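These notes concern the structure reproduced below.
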Amino acid sequence: MSLESPVLDIDPLIDDPQTRIVVCCGSGGVGKTTTAAALGVRAAERGRKAVVLTIDPARRLAQSMGLTELDNTPRKVAGIDESAGGELHAMMLDMKRTFDEVVLQHTDRERARAILDNPFYQSLSAGFAGTQEYMAMEKLGQLRALDQWDLIIVDTPPSRSALDFLDAPKRLGSFLDGRFIRLLMAPAKVGGRAGVKFLNVGMSMMTGTLSKVMGAHLLRDVQTFVAAMDSMFGGFRSRADATYKLLQANGTAFLVVAAPERDALREASYFVERLAAENMPLAGLVLNRVHGSGAAQLTAERALAAAEALDDLDADGPAGRGALTDDPPTPQLTGEFDEPAENLQSAGIVDQPRGKAGLGTADGGEGTPGTDSADTNSPESPDGHPADSAPAQDPPAGRPTEPDPLDADRLAAGLLRLHAERMQLVARERRTRDRFVSVHPDVPMVDVAALPGDVHDLEGLRAIGERLAQGQPTAA
């Protein structure tokens, strides 16, 4: 018996006008992008003006929503039923472009050009550790400030740890307040030769070491970048703090997405605890790709036992099969007349009178067309009359071919074994889920049944949305 947990009601969550931000988070490969897109489609068709922000580089969201491409600008999704007054936009985070927009927005043109052309900045904005997570926070803050949508759905970055999204603002603040950054900023604040002299005196040993490790050219690029970014550092920190508070607000809801697998639920458990520690509102857990069976009353043990019984029956052959039935054996048909077959009653092989020629006619006469004449392949019999019977090897017209019972048994045994494997998978997923529920019994959950194929269009996303909204209890 599986453990029960509170039911996660998706429709009341996305219908509530007080819900302004939904964050889908979890470990990689559990269906965060599909869940976020399905929520966006369902919310829009229920009357919300929604926008989906994805950070997944696989770009599956664009394919599912019928968009040729996603970029840093929200694009309207066609094919959405807008009869309820809603609409849906979708976008994909372009990390470097978002960073460029921040620079252009918060500095003058001359300094912005110096920053954008700096080699260290180009490397930082293209793939520096933690930059993607921080830029996701920046873009979320921008979308919320525009106030063009009443619901923002965020698909968090596919990081190794789902906690990176929450840690990005704090890591940025620590980076900006670090001694290394303050030391690099000091020469720019002093200025001129005095600054160079200060740097040479105060950092003589460190710069020598960094020059060997990083190279003198890279160190100069870093110093130039820090000097140009000096006026922006305060803005980075204040916006990061504001977005972090936005995530803690009542209008935000976190959905932890997981698969019924041990590693994914262990990550989900850790994330649930972190959200509670950070005072962030957790809506519940979406357990994605859950397997089930339409014949759950047939256990794996019974299915395997039945398959083994069929295998034993096949091994015994016709004798074993006849022992399991009271029906008399079916007589074999020898042709149009119900006569004893050749050699059926004899103890051995005997010669018929007149040899094979005597079998060429129905009455044993010669020259009359028969069912097994030596020249049945000829269009006419030897006396010139057309043959009036089919060759003996062809089955009589109108008689269906009887299926081989051995083949049917083998097919049934194979299906029983497949069912046993499915039931074993279902039992393993239930045990894994029960362990999570035993640790977090108060976390609302919803099971999303696995689809037979990949989601690649709006119909597939609607099907996922319907499964999300069913609100079935996680207990069996």
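The values are calculated or read from the model by the stated rules, or taken from the named source; none is laboratory data. Here the structure is a predicted model, which means the values were calculated and not measured. Don't worry about glycine lacking a Cβ; one is built from the backbone with ideal geometry, like all the others, and counts go over all protein chains shown. These accessible areas exclude ligands, DNA and RNA; they are computed on the full protein's heavy atoms, side chains included. Shrake-Rupley method; radii C 1.70, N 1.55, O 1.52, S 1.80 Å.
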Would segment 10-21 turn up any residue that is assigned to a loop (DSSP other than H, G, I, E, B), free of Cβ contacts under 8 Å to residues at least 24 places away in the same chain, open to solvent by 50 Å² or more (accessible area, probe 1.4 Å) and out of contact with any Asp or Glu (no Cβ under 9 Å at 6 or more places or on another chain)? yes
Regarding segment 61-75, can at least one residue be identified that is farther than 21 Å from N288 by Cβ, at pLDDT 95 or above and not in a loop (DSSP other than H, G, I, E, B)? no
Counted residues, segment 444-464 - those being of a type in the set (D, E) and modelled with pLDDT of 90 or more: 2
Name the residues in segment 433-468 that are surrounded by fewer than 19 Cβ atoms within 10 Å (Cβ to Cβ) and in contact with a Lys or Arg (Cβ under 7 Å, 6 or more places away or on another chain), would you? A449, A450
Mind checking whether some residue in segment 238-250 is part of a helix (DSSP H, G or I), surrounded by 15 or more Cβ atoms within 10 Å (Cβ to Cβ), out of contact with any strand residue (DSSP E or B) (no Cβ under 6 Å at 6 or more places or on another chain) and at pLDDT below 70? no
Mind counting the residues in segment 123-147 that are closer than 11 Å to A242 by Cβ, open to solvent by 70 Å² or more (accessible area, probe 1.4 Å) and either of a type in the set (D, E) or at pLDDT below 75 (or both)? 0
Scope segment 94-113; condition surrounded by 17 or more Cβ atoms within 10 Å (Cβ to Cβ) and aliphatic (A, V, I, L, M); matching residues: M95, V102, V103, A112
Restricting to segment 42-60, and then to whatever is modelled with pLDDT of 95 or more and open to solvent by 70 Å² or more (accessible area, probe 1.4 Å), can you tell me which residue is nearest to T98 (Cα to Cα)? K49
